[in-house]
Amino acid sequence: QVQLVQSGGGFVQAGGSLRLSCAASGRIFSFNYVDWYRQAPGKQRELVAGITGGGRANAVDSVKGRFTISRDAAKNTMYLQMNSLKPEDTAVYYCNAEFQIDSEGGTWNGWGQGTQVTVSS
C-alpha cells in the first residue's frame, strides 16, 4: 500500500508564501498524477492545481500565477508553492495522488490527511 503524508501550511499574512508537501511512501512503481484540493469552511472541496506524470500542470484561474505545483521524483514528494497569498485562500488543503504500484498496471489512489492554511488580511 501507499501512504501520503502532508506537511507545511500554517498561518501567514496576506502577500506571504507557504509551501505544502505531500510525501508518498510504500509500494510505488511510478507516478501517475497528483491533484491539490482545498476546502474552505462551509464550502465544497475544490480542485486547485494538478500535475501528471508526463509533467503537464494545470491550475484554476484564481491561483494561476501565484501557485506552482511540482514534484521531486527521487523523494516521491509533491509540492504546492503558494505565493502572494490572499485571505480567500484560507482553507484546508488536500493532496490526492495516484501511483502505479506494479508492472502490470495496478494503481493506488488516495488522499493526504489535509493541512490548514490561514491567511490574514
Quiz item: Cβ-Cβ below 9 Å, separation at least six or inter-chain, first residue in the stretch 41-52 and loosely packed, with under 10 Cβ neighbours inside 10 Å, second among the small types (G, A, S): which pairs?
Solution: P41/A91; K43/A91
Exercise. Answer yes or no as to whether F31 is more than 16 Å from T90 (Cβ to Cβ), touching a helix residue (DSSP H, G or I) at 6+ places or on another chain (Cβ under 9 Å) and of a type outside the set (S, T, Y).
Key: yes
Practice problem: Would you check if P41 is of a type outside the set (D, E), in contact with a Ser or Thr (Cβ under 8 Å, 6 or more places away or on another chain) and under 30 Å from S121 (Cβ atoms)? | Solution: no
Practice problem: Taking the residues in the stretch 58-109 that are assigned to a loop (DSSP other than H, G, I, E, B) and in contact with a Leu (Cβ under 8 Å, 6 or more places away or on another chain) as candidates, determine which candidate is surrounded by the fewest Cβ atoms within 10 Å (Cβ to Cβ). | Solution: V60
Quiz item: What is the residue count in the stretch 42-57 for residues that are farther than 19 Å from G114 by Cα and assigned to a loop (DSSP other than H, G, I, E, B)?
Solution: 4
Practice problem: Select, from S21, S25, the only residue that is of a type in the set (S, T, N, Q), over 23 Å from T118 (Cα atoms), in contact (Cβ under 8 Å) with a residue 24 or more places away in the chain and in a strand (DSSP E or B). | Solution: S25
Practice problem: Filter the stretch 1-18 down to the residues that are farther than 18 Å from V117 by Cα and open to solvent by 60 Å² or more (accessible area, probe 1.4 Å), then identify the one that is modelled with the highest pLDDT. | Solution: Q3
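The values are calculated or read from the model by the stated rules, or taken from the named source; none is laboratory data. The shown structure was predicted, so the numbers you read here are calculated from the model rather than taken from an experiment. Backbone-built Cβ (ideal geometry, glycine too); neighbour counts: all protein chains shown. Please note that ligands, DNA and RNA were not included when accessible areas were found on the heavy atoms of the full protein model with its side chains. Shrake-Rupley method; radii C 1.70, N 1.55, O 1.52, S 1.80 Å.
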